[in-house]
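S.K.: This is the structure, below, for whatever I ask next.
The values are calculated or read from the model by the stated rules, or taken from the named source; none is laboratory data. In this text the structure is predicted, and so the values were computed from the model without any measurement. Here the Cβ is made from the backbone with ideal geometry for all residues, glycine too, and neighbour counts use every protein chain on show.
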Amino acid sequence: MPHTPKQIRQVLSACLVILGLAVLPAALGADSYSLENLCKIALTSSEKLKLAEQNIALAEAKTDQALAYLYPSLTVTGGRTHYSERKYTGTGGILQPDSVSAGPQSG
């Protein structure tokens, strides 16, 4: 009696599963893992855990930034003017006056 295509597919699928189960441990190196090792592997390779760690770091940075507004700040500016000993230019113009007065001079 001939087999139907559905039966052939089922037999082939079953053969592939059995072959896969037989070959898979050899392909993986047949290492045995303890629960502790599996937990370590999961913790080091978990994307959700890495994302959570990044979210914690971001929250801490935002907290530091928010607290920075509570601390006093100090702003300092400065300047310096240096006058030479010369009072007049080479053409006779005044570089700096001899004295400073606020009102008219009498003299």
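S.K.: So in the stretch 68-97, with the set limited to residues that are outside any loop (DSSP other than H, G, I, E, B) and surrounded by fewer than 10 Cβ atoms within 10 Å (Cβ to Cβ), which one is modelled with the highest pLDDT?
M.R.: Ala68
S.K.: Being at pLDDT 70 or above and surrounded by 10 or more Cβ atoms within 10 Å (Cβ to Cβ) is the filter here; which residues of the stretch 19-42 pass it?
M.R.: Within the stretch 19-42, Tyr33, Asn37, Leu38, Cys39, Lys40, Ile41, Ala42 qualify.
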